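Please read the structure below before turning to the comments.
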């Protein structure tokens, strides 16, 4: 069952302070539309709203796009593996560096599964580091433009 704006609103401070740029009902609508994240409400970061923030984080977990800024279009992906090989973090793995591919238990950033690229460990991507490092190797080497770089949310 999809989340209702009213259910999300019930977890907000309900002060209509507009510190997030709108009133609480509007912020709830932005959360449901995935146009905002729970951390965009400054009041939720205060200790008294800790439980509400955790509940909202469970309802709205960060996506790969929000962590790395990468969007993968599986329809365009042909499974060539260029992105896997050019990823600097993946190349730290000797098997990948020598063109053999990763093993099942390797923690890699990009991986080809059933003929499509997957991002099994987005937090290992350079773009997810603190501070993030600018990298677009996978985007630049994709022959079908199946990987797009957008601003992380």
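The values are calculated or read from the model by the stated rules, or taken from the named source; none is laboratory data. All values derive from a computational prediction rather than experimental measurement. In this analysis, Cβ positions are derived from the backbone assuming ideal geometry, glycine residues included, and neighbour counts consider all displayed protein chains.
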Does the range 93-117 hold any residues that are under 25 Å from residue 62 (Cβ atoms), at pLDDT below 90 and not in a loop (DSSP other than H, G, I, E, B), and which are they?
-> 111, 112, 113
The range 124-153, residues that are within 12 Å of the chain's Cα centre (by Cα) and assigned to a loop (DSSP other than H, G, I, E, B) = 125, 150, 151, 152, 153
Considering only the range 50-74, state which residues are more than 27 Å from residue 132 (Cβ to Cβ) and either in contact with a strand residue (DSSP E or B) (Cβ under 9 Å, 6 or more places away or on another chain) or surrounded by 14 or more Cβ atoms within 10 Å (Cβ to Cβ) (or both).
-> 52, 55
Only one of (1) modelled with pLDDT of 95 or more; (2) under 25 Å from residue 127 (Cα atoms) is not met by residue 59, so which one is it?
-> (1)
